1. Could you tell me which trypsin sites (Lys or Arg not before Pro) in segment 70-125 are loop residues by DSSP with no more than 13 other beta carbons within 10 angstrom of their beta carbon?
2. Using amide H atoms built 1.01 Å from N in the peptide plane, name the residues 5+ places from V96, or on other chains, whose amide H lies under 5 Å from its own.
3. Could you work out the local net charge near T91, counting Lys and Arg as +1, Asp and Glu as -1, over the other residues with Cβ closer than 12 Å to its Cβ?
4. Suppose a student asked you for the relative contact order of segment 55-180, using Cα pairs under 8 Å spaced at least 6 residues apart; what percent would you report?
5. Take D143, D148 and order them by how many other Cβ atoms sit within 10 Å, fewest up front.
6. How much length is gained if the chain between E129 and S20 is pulled fully straight, taking 0.36 nm per residue apart and subtracting their Cα-Cα distance, in nm to one decimal?
7. Which of the GluC sites (Glu not before Pro) across segment 115-161 are loop residues per DSSP, with 15 or fewer other Cβ within 10 Å?
8. Treat the count of other C-beta atoms within 10 Å as a stand-in for reagent exposure and order V14, V96, V114 from fewest to most.
Amino acid sequence: MMNKFRWSMVGLIVAAAAISVIITINQNAKNYEAKQEDTAPVLETTEVEYETTEEEDTEVETIKNEKILYELGLGPSSKREDVMKTMHSMTHQKVVSEEKWYNLEMNSENINAVYEFINDSEVIDYKSELLRIVGNWKEGNFDNIVEDHNYLWGEQNGNIGKATGTLTPEEEAQFVKANFE
């Protein structure tokens with residue numbers, strides 16, 4: 001019986017020593033890693049400016065414009081009627097009317113894209129009137145937005161949805177939130 005007890009005690013001592021060695025090794029490894037992190041060299045990054053050529057800037061701008069025009073429903077085969085439908089849909093953001101079937105956001109990107117599209121087009125007739133309207137928008141002038149809407153609406157033979165007034169800034173913000181966000 002004494003022999004079993006002695007061997008049990010030896011086993012416990014060996015197990016305790018083994019656990020002690022494992023804990024010590026683990027602690028030393030953690031201390032080593034912490035020391036390595038503290039002494040690791042700090043690498044500085046240098047920001048490199050890449051200068052684009054005017055040709056590359058123009059190409060990027062053209063691609064961006066083409067994407068915007070595509071989203072507005074305009075492309076190489078678009079005619080005056082298509083441009084007027086797009087512009088008419090943009091006016092809905094700013095006018096009061098009983099019906100608004102199509103809505104396109106009237107933001108500076110869209111306005112500029114439509115302006116450039118009309119200006120660069122060789123197939124759109126009566127460009128000057130459309131350029132006058134969108135040119136005012138481009139300058140932030142929406143004083144005639146009701147008349148602009150009704151002109152575009154009338155040219156498309158509209159019979160429901162004549163604009164009767166201008167939305168307040170709060171109403172326009174609600175319209176934008178409901179339709180474009």
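1. Details: sites: K79, R80, K85, K94, K100; in loops: K79, K94, K100.
Loop-located and lightly packed - K79.
2. The list, which skips near neighbours in sequence, is T164, G165, T166, L167.
3. Values: positive: K85, K94, K100, K162; negative: E105, E147, D148, E172.
Local net charge: 0.
4. Values: 123 pairs, mean separation 39.5, N = 126.
Value for segment 55-180: 31 percent.
5. Values: D143 9, D148 23.
Sorted ascending by nearby Cβ count, the order is D143, D148.
6. Working: separation 109, 0.36 × 109 = 39.24 nm, distance 9.01 nm.
Taking 0.36 nm per residue and subtracting the Cα distance, the gain is 30.2 nm.
7. Passing both the DSSP loop test and the Cβ count: E122, E139.
8. Details: V14 10, V96 15, V114 26.
In order of increasing Cβ crowding within 10 Å: V14, V96, V114.
The numbers here are math on the coordinates, done by the rules we state, and not lab data. Quick caveat: nothing in here was measured; it's all calculated off a predicted structure. All Cβ positions, glycine included, derive from the backbone under ideal geometry; neighbour counts span all protein chains shown.
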